[in-house]
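Peer 1: Structure in structure tokens, see below.
The values are calculated or read from the model by the stated rules, or taken from the named source; none is laboratory data. For clarity, every value in this text was computed on a predicted model and none was experimentally measured. Please note: Cβ atoms are built from the backbone with ideal geometry, for glycine as well, and neighbour counts cover all protein chains shown. Quick note on the areas: whole protein, heavy atoms, side chains included, nothing else; ligands and nucleic acids left out. Shrake-Rupley method; radii C 1.70, N 1.55, O 1.52, S 1.80 Å.
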Amino acid sequence: MHNANGFLTRVVRDKQLWRFGYRRSFCSLKVTPDDLDNQVLFEGSGCSRAAILNRPPALNALTTHMGVRLHKLYKNWEEDPNIGFVMMKGSGRAFCAGGDIVSIYHLRKRGSPDAIREFFWTLYNFIYFLGTYLKPHVAILNGVTMGGGAGVSIPGTFRVATDRTIFATPETVIGFHPDAGASFNLSHLPGRLGEYLGLTGLKISGAEMLACGLATHYISSTEVPILEQQLKKLLTDDPSVVEATLEKCAEAAHPEKTGVIRRIELLEKCFCHDTVEEIIDSLEVEAGRTKDIWCTTTLRRLKETSPLSLKVALRSVREGRFQTLDQCLIREYRMSLQGTIGNFSGNFCEGVRARLIDKDDAPKWDPPTLEKVTEDMVDDYFSSLTPSEPDLDLPIKLRESI
């Protein structure tokens, strides 16, 4: 519902359903146009507007409609001279857990490739729009921030992490690849942290996000309402004024001593190699030498992950180091179609089945081992579905990429 000023007020969220463990995805329910619009709410005061990702039972997983609505809202706000800056946040315990991969799985099983194309086309176009946005942007990452959730936040000006933030790019675990701009974002992290996160899909905390540059600020989750109120009082389009307010509320962050941020030198030593096989060999040497549980945990994750996805992810992150955001998104679009509706979609379907549908955690990967993944397979994953398949069309001439 809207107030007299036309701004969407907060709706009453169904906390009881969440409290009692309701996990049914919205995609399984009969939805009306209003239900779809309610997947992205917005509120406004003064010079600011805030988009609210609002699918808490699905951890605010992104749908095609959410991408369309975000793009429309952000375009209107960018063109409105009365709006100085924009914020994004999530409902419930997540910022955004990524794309709605279960819906994509069912679309693949139903034989709806055009709907899958539309999903990636829409989401990646919004990510590019955010990455070239002309007004300051503040993403409040107070909860789960994974996959596409990172894609719709990291390209913006400011990213605020909290003690509740959990970041990961877990696509390889479901037989996919780090997408939604991940090959750009991960490739610009210190040392070999990008390779580690992209290949393993393991989690880092909000404090670790700040330490490596994924977040620009860190606050306690209990202070988030205060930060939001301070931001809403601002009458500015000056990023330095927005930043000053964030700095006033920001706190020091202290990454755990056993976390990956404390192991940058070890990451450099193990993840600098040219092949996944060499990376695993290096980790095994370190595990045997040091008996470090971090090494054994990392090895275990790599060995239960799709072999093809590992090789694809390594190449993708490393190509991203020498590409702009638009180049990464265009390449990732080709890869995402190959991984969901092309010759390699079997791994995605098997990964989603094993991790999220049947939950037996026993995916049967194809190929089953790294040794059987050929260079030709990896090359094919990076190619268009067919010679006539259109590439992702981004407004590059109108909006300069980073």
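Peer 1: Of the residues P307, P255, P239, which single one is closer than 30 Å to A354 by Cβ and open to solvent by less than 80 Å² (accessible area, probe 1.4 Å)?
Peer 2: Numbers: P255 fails: closer than 30 Å to A354 by Cβ; P239 fails: closer than 30 Å to A354 by Cβ.
Going through P307, P255, P239 in turn, the sole match is P307.
Peer 1: Restricting segment 82-108 to residues that are out of contact with any Leu (no Cβ under 9 Å at 6 or more places or on another chain) and within 30 Å of Q230 (Cα to Cα), which is surrounded by the fewest Cβ atoms within 10 Å (Cβ to Cβ)?
Peer 2: Here the residue is N82.
Peer 1: Kindly establish whether V378 is open to solvent by less than 70 Å² (accessible area, probe 1.4 Å), over 23 Å from D100 (Cα atoms), aliphatic (A, V, I, L, M) and touching a residue at least 60 places away in the same chain (Cβ under 8 Å). Working first, answer last.
Peer 2: On the way: open to solvent by less than 70 Å² (accessible area, probe 1.4 Å): yes; over 23 Å from D100 (Cα atoms): yes; aliphatic (A, V, I, L, M): yes; touching a residue at least 60 places away in the same chain (Cβ under 8 Å): yes.
So V378 passes the test.
Peer 1: Can you spot a residue in segment 387-397 that is in contact with a Ser or Thr (Cβ under 6 Å, 6 or more places away or on another chain), modelled with pLDDT of 95 or more and not in a helix (DSSP H, G or I)? Steps first, please.
Peer 2: Step one: of segment 387-397, the residues in contact with a Ser or Thr (Cβ under 6 Å, 6 or more places away or on another chain) are none.
Looking through segment 387-397, none of the residues is in contact with a Ser or Thr (Cβ under 6 Å, 6 or more places away or on another chain), modelled with pLDDT of 95 or more and not in a helix (DSSP H, G or I).
Peer 1: Still on this structure: Which residue pairs have Cβ atoms under 6 Å apart, sit 6 or more places apart or on different chains, and have a first residue in segment 346-370 that is closer than 16 Å to P170 by Cα and a second that is of a type in the set (A, V, I, L, M) and loosely packed, with under 13 Cβ neighbours inside 10 Å?
Peer 2: That search, which allows pairs on different chains as well, returns A354/A362.
Peer 1: Taking L189 as meeting all but one of (1) within 26 Å of S91 (Cα to Cα); (2) assigned to a loop (DSSP other than H, G, I, E, B), write down the number of the exception.
Peer 2: (1)
Peer 1: Looking for whichever is open to solvent by 10 Å² or more (accessible area, probe 1.4 Å), farther than 26 Å from N347 by Cβ and of a type outside the set (D, E, K, R) here; the options are I174, I166, I264. Which one fits?
Peer 2: Details: I174 fails: farther than 26 Å from N347 by Cβ; I166 fails: farther than 26 Å from N347 by Cβ.
Answer to the selection: I264.
Peer 1: I need a count of the residues in segment 262-306 that are over 18 Å from K203 (Cα atoms) and among the β-branched types (V, I, T).
Peer 2: Number of matching residues: 6.
Peer 1: Ok, one more. In segment 347-361, is there at least one residue being in a loop (DSSP other than H, G, I, E, B), among the small types (G, A, S) and more than 18 Å from L199 (Cα to Cα)?
Peer 2: If we filter segment 347-361 for residues that are in a loop (DSSP other than H, G, I, E, B), which is where we start, we get 358-361.
Still in the running and among the small types (G, A, S): none.
Checking segment 347-361: not a single residue is in a loop (DSSP other than H, G, I, E, B), among the small types (G, A, S) and more than 18 Å from L199 (Cα to Cα).
Peer 1: Taking into account only those residues within segment 314-368 that are surrounded by fewer than 21 Cβ atoms within 10 Å (Cβ to Cβ) and of a type in the set (S, T, Y), which is farthest from N125 (Cα to Cα)?
Peer 2: S345
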